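The values are calculated or read from the model by the stated rules, or taken from the named source; none is laboratory data. Since we're looking at a predicted model, the values are computed, not measured. Positions of Cβ are backbone-derived with ideal geometry, glycine not excepted, and every protein chain shown enters the neighbour counts. We work out accessible area using only protein heavy atoms, side chains counted, and drop any ligands, DNA or RNA first. Shrake-Rupley method; radii C 1.70, N 1.55, O 1.52, S 1.80 Å.
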Amino acid sequence: MSPSAPPADRPVFTGLGVLSAFGTGLAPLAAAAARGGTGFAEVTRFDVGRRGTRRAALLPDPPPLADAVLGAVADACRQAELPSGAPLLLALHSDLDTRGTATAVSAGATALGLAGVARVYTGACVAAATAVADAAALVGSGRHPRVVVAAGHLVEPGVFAAFDAGRALARDGELRPFSAGRSGTLLGDAAVAVVVEAADAAAGRGARPLARLAGWGRSGDAHHVCRPRPDGAGVARAVRSALARAGVDPSGVDYVNANGTGSPMSDLAEARALREVFGAGLDRLPVSSSKSVHGHALEASALLELAVTVGVLGDGRLPVNAGWLGPDPEVGLDLVLGPRADARPRCALSLNSAFGGANTALLVAAA
């Protein structure tokens, strides 16, 4: 089946709200990604004097997390001209403030005309992608004509300290996915919301889709509490599941927004997974990790990267894989190392992996 002709009941995205280190809206984020202009700077929000890494991609003056998320939700609903009553699926980092933040978001969402928060996802770095897959299932089954998915993460001292102590953060202050000399990730702020809607419901009210959710896949390999399975088998299963659900052959994928955290082991495992799925075709498949520009937003990362991927399908500008120092001979990917404004992909993958071996793949097709 061609990616330009998915099943009639395939969910579509009709609204998108974004807040990142580059400001409000998708446009500044997409522009930064297309030129490889990173948002990393010295952290001044809290004391990092004793940390091995001192950089992150932060908003200069962030609102409270609940307000940031509600701002993104309001923007997405406004863009979609959303009727009232849709449930909200919410992805947040699990900490002492989660319940309070979720309660505040639910109250604010009700004021916006939504049905409040139906479910909270705290499944680490695949939380938001899991919520999108569940929203697609709810829409596809006919239980709801439309579902709003939102996620938020603002970098704070405790999480920063934990990642720094675990030596997960890049010691040289640069996130270098798949590059020689990569040493870890960098954190970033994000609040994102997307409206997932049944294609016929959107058509019935004259809404113009931003993109289509052609397929989605999830897997769990439970290899280790924090280390990836070296052969990337779990990632490969998630990708194959997304392709099978969409009825799309691997050759029909035009771009991959990889998980690409800058971790030596994780990046290599993901590259092996892509090789397993795409074979020799991987040599001609553009790959990059937009995390290299906007940072790792933990539970919000998958929704932020989905937003970037939707933007790619809209304007054809591929995100640059920033921080590049040179090739890792074991990786073997066609990395986007400079502006590619004429790519015009029609079908793209957005991949995420989390501690504990959880993996997600979202396959997005142009509207």
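The residues on offer are Ala128, Ala150, Ala109, and the sole one that is touching a helix residue (DSSP H, G or I) at 6+ places or on another chain (Cβ under 8 Å) and either of a type outside the set (A, V, I, L, M, F, W, C) or free of Cβ contacts under 8 Å to residues at least 60 places away in the same chain (or both) is Ala109.
Does Glu174 satisfy the criteria of being in contact (Cβ under 8 Å) with a residue 12 or more places away in the chain and part of a loop (DSSP other than H, G, I, E, B)? Spelling it out, Glu174 is indeed in contact (Cβ under 8 Å) with a residue 12 or more places away in the chain and part of a loop (DSSP other than H, G, I, E, B).
Here Leu349 meets each of (1) more than 15 Å from Ala214 (Cα to Cα); (2) in a strand (DSSP E or B); (3) not basic (Lys, Arg) with one exception, condition (1). Residue-level check: of (1) over 15 Å from the mean Cα position of the chain (by Cα); (2) open to solvent by less than 10 Å² (accessible area, probe 1.4 Å); (3) closer than 22 Å to Ala367 by Cβ, Phe160 misses just (3). Has region 279-287 got any residue that is in contact with a Leu (Cβ under 6 Å, 6 or more places away or on another chain), more than 28 Å from Leu58 (Cα to Cα) and open to solvent by less than 10 Å² (accessible area, probe 1.4 Å)? The answer is yes, given that some residue of region 279-287 is in contact with a Leu (Cβ under 6 Å, 6 or more places away or on another chain), more than 28 Å from Leu58 (Cα to Cα) and open to solvent by less than 10 Å² (accessible area, probe 1.4 Å). Within region 33-92, being in contact with a helix residue (DSSP H, G or I) (Cβ under 6 Å, 6 or more places away or on another chain) and either charged (D, E, K, R) or on the phi > 0 side of the Ramachandran plot (or both) holds for one residue alone: Arg51.
When the strands (runs of 3 or more DSSP E) confined to region 188-271 are screened for residues that are open to solvent by 10 Å² or more (accessible area, probe 1.4 Å) and modelled with pLDDT of 95 or more, those reaching at least 2 such residues are found at 211-220.
Of all the listed residues (Ala127, Ala91, Ala72, Ala56), the sole one being open to solvent by less than 30 Å² (accessible area, probe 1.4 Å), of a type outside the set (Val, Ile, Thr) and in contact with a Lys or Arg (Cβ under 9 Å, 6 or more places away or on another chain) is Ala56. Looking at region 320-339, can you tell me whether even one residue there is within 26 Å of Val73 (Cα to Cα), in contact (Cβ under 8 Å) with a residue 40 or more places away in the chain, open to solvent by 50 Å² or more (accessible area, probe 1.4 Å) and out of contact with any strand residue (DSSP E or B) (no Cβ under 6 Å at 6 or more places or on another chain)? For region 320-339, residues within 26 Å of Val73 (Cα to Cα), in contact (Cβ under 8 Å) with a residue 40 or more places away in the chain, open to solvent by 50 Å² or more (accessible area, probe 1.4 Å) and out of contact with any strand residue (DSSP E or B) (no Cβ under 6 Å at 6 or more places or on another chain): absent. Filtering region 94-108 to residues that are hydrophobic (A, V, I, L, M, F, W, C) and open to solvent by less than 50 Å² (accessible area, probe 1.4 Å) leaves Ala102, Ala104, Val105.
Taking region 36-50, which residues are surrounded by fewer than 17 Cβ atoms within 10 Å (Cβ to Cβ), more than 20 Å from Ser301 (Cα to Cα) and of a type outside the set (Val, Ile, Thr)?
Glu42, Phe46, Asp47, Gly49, Arg50 - these are the residues of region 36-50 that are surrounded by fewer than 17 Cβ atoms within 10 Å (Cβ to Cβ), more than 20 Å from Ser301 (Cα to Cα) and of a type outside the set (Val, Ile, Thr).
Checking the stated criteria, Val147 turns out not to satisfy the condition of being modelled with pLDDT of 95 or more, assigned to a loop (DSSP other than H, G, I, E, B), among the β-branched types (Val, Ile, Thr) and crowded, with 23+ Cβ neighbours inside 10 Å. Does Asp134 meet the test of being surrounded by fewer than 22 Cβ atoms within 10 Å (Cβ to Cβ) and closer than 23 Å to Thr110 by Cα? Answer is yes for this residue.
Being among the acidic types (Asp, Glu) and either assigned to a helix (DSSP H, G or I) or at pLDDT below 95 (or both) is the filter here; which residues of region 81-123 pass it? Walk me through it before giving the result.
First, pick out the residues of region 81-123 that are among the acidic types (Asp, Glu): 81, 95, 97.
Listed by number, the residues that qualify are Asp95, Asp97.
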